[in-house]
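Notes follow the structure.
The values are calculated or read from the model by the stated rules, or taken from the named source; none is laboratory data. The structure displayed is predicted, hence computed values, not measured ones. Reconstructed Cβ throughout: ideal geometry from the backbone, glycine too, with neighbour counts over all protein chains shown.
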Amino acid sequence: MTSLLNKNVIVTGGGRGIGKAACHLLSKEGANVVITCRTKEEGLAVEKEILDSRGSGKYISHDVTSEESWKNLINQTIKQFGRIDSVVNNAGGYNFESISECSLENFQKLLRTSLNGCFLGLKFGTEAIRKHGEGGSIVMMSSILAKVGAPNYSALSAAHGGVKLLAKAGACELGPEKIRVNSIHPGLVDTYSDELFAEIYPDATESLELQKEIIKDIPFNRLASPEEVAETIRFLVSDESIFMTGAELTIDGGMIAK
Amino acid sequence: MGRLDNKIAIITGATSFGIGRETALRLAGEGASLTVTGRNEEAGNETADMVIKEGGKCLYIQHDVSNEDNWINVVDKTIDAYGSLDILVNNAGQFWVKSIADTSLEDFNEICSVNIDGTWLGMKHSLERMNNGGAIVNVSSLMGQMGLPDGSGYCASKGAVTSMTKAVALEAAEKKIRVNALHPGVIWTPMVGGGEQGDENLKNFFIQETPIRMVGLPEHMADAILFLCTAEYITGVDLNVDGGRLADGSMGSHAG
């Protein structure tokens, strides 16, 4: 497949989950993929898998909350691949605390990763795409929490709601330069095994139990696979969505239609 | 290898230059076998010939989407010809602008019968005969989500399409059939005064109103419809493909 031939794409949070699946799919479709994440071993592992399957990929260490780190990422990407066509702002944090439990510090920490990170990706991604002036695509990973409320998700709702409208503002401002900005809104995604989830989010085992209850109420009675969400990223990065900007792409098995 | 190999699809409103014909060519190019429908026999056969010339399989059936017997005939003949059914693209639609004072109840009923009844009948008669894992795409409109002066009939009918899409998505989930609405912005086709003979001034007006500074083309919609036909976990959504028109309200068109 060649829907992304010669496109240079940065994927933040590319070391695991949806980001990892996206890196593999984009590379299979012909893109040069820059994988960013903080856990070096995970990023390097994805890079190796891509290179082993004759794709083109490069891991670059990156903290989405740091302006310096973004500048370094953009410079290194341009040095490696010549130009940037697309930035997929996929990295994000988690917080499953109730409003009473959640400290202001934790609330702000989540916003820094999930919302500020997207703002910086939009800001520096735009600057990089402007260098060649041919337009490009910026993708924001939000969630259905930007569209409906849920208990114990106040910080994530605030962050993802912000991301959704940040994308629309970007779409309006950057449309005349043919820079497209869209948001993706997954429902529940089968990202980690139960064991891995418990290891990564030791405080969130209640959320895992809750998730099992919720699956029964999803019209499709299952979680999304990371690969299915990755396909929505591929569509938004590709020229198949050339007239699409400021739009919300929901992928939730019918959850919020209900 | 195509993304729709061995799939059978019905596309309504595929009789002339526009979203329907372009979608027919796109889906057939990905391996689907087609029934294309519409009222104009000559134009319908032309679409079918174009698909066949590109190496696809295509059958034209004359069809008034507001007529229930016509729908039963279209589904019967498709299954007779190909053996089953996987995809329905409810694309046929009517569009006009007229002030609410000048719109008669007959006018209003007519646009509703084509846009609402036509879509509803298509879903009703296809769903139970469709293979598990199939897909329905209802072509609604940006105007199903926002107001258009002199568009009371069009907006009402498209709002209904968007809403019933969600209801039917929930019913169809049992068979893992996905039902989604596509919301095109301004697509430069004869329906809105565009296409090859369209007025350049009108085109420029639309371009300036759209953040991405272009009009949509039928091929852009065909790409989005193909995406909705293949995206296995997406159901009950409205997908806006409008160059940012809904996102900006009436503010963004003054920027840049």
| said: Six or more apart or on different chains, Cβ atoms under 9 Å: show the pairs whose first residue is in the stretch A:64-89 and more than 23 Å from A:Phe235 (Cα to Cα) and whose second is among the charged types (D, E, K, R) and assigned to a strand (DSSP E or B). | reply: A:Gln76/A:Lys58; A:Gln80/A:Lys58
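Report yes if some residue within the stretch B:213-224 is of a type in the set (D, E, K, R), closer than 16 Å to A:Gly170 by Cα and either in a loop (DSSP other than H, G, I, E, B) or more than 7 Å from chain A (Cβ to nearest Cβ) (or both); otherwise report no.
Yes, the stretch B:213-224 has at least one match.
Table: residues versus (1) modelled with pLDDT of 95 or more; (2) surrounded by 15 or more Cβ atoms within 10 Å (Cβ to Cβ); (3) facing another protein chain (nearest Cβ under 10 Å); (4) touching a Ser or Thr at 6+ places or on another chain (Cβ under 6 Å).
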site	(1), (2), (3), (4)
A:Glu199	no, no, no, no
A:Thr205	no, no, no, no
A:Ala230	yes, yes, no, no
A:Arg234	yes, yes, yes, no
A:Ser238	yes, yes, yes, yes
A:Gly246	yes, yes, yes, no
A:Met255	yes, yes, yes, no
| Quick check: is even one residue across the stretch A:168-191 surrounded by fewer than 21 Cβ atoms within 10 Å (Cβ to Cβ), free of Cβ contacts under 8 Å to residues at least 60 places away in the same chain and polar (S, T, N, Q)? | no
| message | Go through (1) touching a helix residue (DSSP H, G or I) at 6+ places or on another chain (Cβ under 7 Å); (2) of a type outside the set (S, T, N, Q); (3) farther than 18 Å from A:Gly17 by Cβ for A:Phe81 and report which single condition fails. | response | (1)
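Filter the stretch A:9-24 for residues that are in a loop (DSSP other than H, G, I, E, B) and crowded, with 24+ Cβ neighbours inside 10 Å; which is farthest from the chain's Cα centre (by Cα)?
Per the criteria, the residue is A:Gly15.
Conditions (1) of a type outside the set (S, T, N, Q); (2) closer than 30 Å to A:Lys178 by Cα, marked per residue:
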| position | (1), (2) |
| --- | --- |
| A:Ile60 | yes, yes |
| A:Thr65 | no, yes |
| A:Ile74 | yes, yes |
| A:Phe81 | yes, yes |
| A:Asp85 | yes, yes |
| A:Asn90 | no, yes |
| A:Glu105 | yes, no |
| field | Residue among A:Gly136, A:Gly93, A:Gly117 that alone is modelled with pLDDT of 95 or more, under 30 Å from A:Leu210 (Cβ atoms) and in contact with a Ser or Thr (Cβ under 7 Å, 6 or more places away or on another chain) | value | A:Gly117
| task | Inspect all residues belonging to the stretch B:189-210 and state whether any of them is closer than 20 Å to B:Thr12 by Cα, touching a helix residue (DSSP H, G or I) at 6+ places or on another chain (Cβ under 8 Å) and within 12 Å of chain A (Cβ to nearest Cβ). | result | no
| query | Does the stretch B:248-256 include one or more residues that are modelled with pLDDT of 90 or more, at the interface with chain A (Cβ under 7 Å from one of its Cβ atoms) and surrounded by fewer than 21 Cβ atoms within 10 Å (Cβ to Cβ)? | reply | no
| query | Within the stretch B:30-50, which residues are under 18 Å from the mean Cα position of the chain (by Cα) and either part of a helix (DSSP H, G or I) or free of Cβ contacts under 8 Å to residues at least 24 places away in the same chain (or both)? | reply | B:Ala43, B:Gly44, B:Thr47, B:Ala48
| message | What pairs come out if I take residues in the stretch B:55-69 that are of a type in the set (Asp, Glu) and pair them with residues that are part of a loop (DSSP other than H, G, I, E, B) and surrounded by fewer than 15 Cβ atoms within 10 Å (Cβ to Cβ) whose C-beta lies under 7 Å away, six or more apart or interchain? | response | B:Asp64/B:Arg39
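Tell me which residues, restricted to the stretch A:176-197, are within 11 Å of another protein chain (Cβ to nearest Cβ), within 26 Å of B:Ala231 (Cα to Cα) and not charged (D, E, K, R).
Applying the first criterion (within 11 Å of another protein chain (Cβ to nearest Cβ)) to the stretch A:176-197 yields A:176-190.
The next check asks that each one be within 26 Å of B:Ala231 (Cα to Cα); those that pass are A:178-190.
Hits for the stretch A:176-197 are A:Ile179, A:Val181, A:Asn182, A:Ser183, A:Ile184, A:His185, A:Pro186, A:Gly187, A:Leu188, A:Val189.
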| Which residues, counting only those in the stretch A:205-239, are closer than 16 Å to B:Tyr233 by Cβ and of a type in the set (D, E, K, R)? | A:Asp217, A:Arg222, A:Glu227, A:Glu228, A:Glu231, A:Arg234
| Within the stretch B:188-207, is even one residue at pLDDT 95 or above and among the small types (Gly, Ala, Ser)? | no
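From the list B:Gly118, B:Gly185, which residue is buried (at least 24 other Cβ atoms within 10 Å of the Cβ), within 13 Å of the chain's Cα centre (by Cα) and away from chain A (no Cβ under 14 Å)?
On the way: B:Gly185 fails: away from chain A (no Cβ under 14 Å).
When all the criteria are applied, what remains is B:Gly118.
Can you tell me which residue among A:Ala155, A:Ala159, A:Ala146, A:Ala169 is over 21 Å from A:Phe235 (Cβ atoms), within 14 Å of chain B (Cβ to nearest Cβ) and modelled with pLDDT of 95 or more?
The unique qualifying residue is A:Ala169.
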